[in-house]
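Q: Structure below; questions to follow.
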Amino acid sequence: MIKGFRDFIAQGNVIDLAVAVVIGAAFTAIVNTIVEQLINPLIGLLFNTENLDSAFVLEVGSAKFGFGAIIAAVISFLAVAAVVYFVFVLPMNKYKEHQAAKNPVAEEALPTEQELLVEIRDALRAGNAR
């Protein structure tokens, strides 16, 4: 049982995943700070409020609905998604395209649907002939 656990931990993908989680957490702190300290105050200036969290607050009786906080969360998500796309995904896709262009892999031509059906028909006929 211990050997299986040791083999599992020694796999490269587990280490890669752990590194990704740590880097992701650190990166999230950077993006959250940018959103909280730069984007929210800029939007707050547009709506004449301290920050977006205190904008668009609807009070019904004793209940407060903070639509500004929801908008801030959406902006934060979009900022994180944009940074992840432009900093990680797009360059990695370009790198993969570049590598694929340098090392073209001969793709095996798959049979068409009609060719597969003909093979199935022939196999069935051969099976019935026995």
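The values are calculated or read from the model by the stated rules, or taken from the named source; none is laboratory data. This is a predicted model, so every value here is computed, not measured. Positions of Cβ are generated from backbone atoms using ideal geometry, with glycine treated the same way; all protein chains shown enter the neighbour counts.
Q: Glu119 - would you say it is part of a helix (DSSP H, G or I), at pLDDT 80 or above and over 30 Å from Phe8 (Cα atoms)?
A: When the stated conditions are applied, Glu119 passes them.
Q: Any residue at all in segment 116-127 that is in contact with a helix residue (DSSP H, G or I) (Cβ under 9 Å, 6 or more places away or on another chain) and over 30 Å from Ala20 (Cα atoms)?
A: For segment 116-127, residues in contact with a helix residue (DSSP H, G or I) (Cβ under 9 Å, 6 or more places away or on another chain) and over 30 Å from Ala20 (Cα atoms): absent.
Q: Follow-up question, since we're still on this one. Evaluate segment 93-100: report whether one residue or more is modelled with pLDDT under 80, out of contact with any strand residue (DSSP E or B) (no Cβ under 8 Å at 6 or more places or on another chain) and small (Gly, Ala, Ser).
A: no
Q: Tell me the residue from Val35, Val60, Val74, Val21 that is among the hydrophobic types (A, V, I, L, M, F, W, C) and at pLDDT below 80, please. Before you say what the answer is, go through the steps one by one.
A: Details: Val60 fails: at pLDDT below 80; Val74 fails: at pLDDT below 80; Val21 fails: at pLDDT below 80.
The match here is Val35.
Q: Listed residues Ser54, Ser76; which is more than 30 Å from Ile23 (Cβ to Cβ), within 31 Å of the chain's Cα centre (by Cα) and surrounded by 11 or more Cβ atoms within 10 Å (Cβ to Cβ)?
A: Ser54
Q: So in segment 40-51, with the set limited to residues that are assigned to a helix (DSSP H, G or I) and modelled with pLDDT of 75 or more, which one is surrounded by the most Cβ atoms within 10 Å (Cβ to Cβ)?
A: Applying the filter and picking the extreme gives Pro41.
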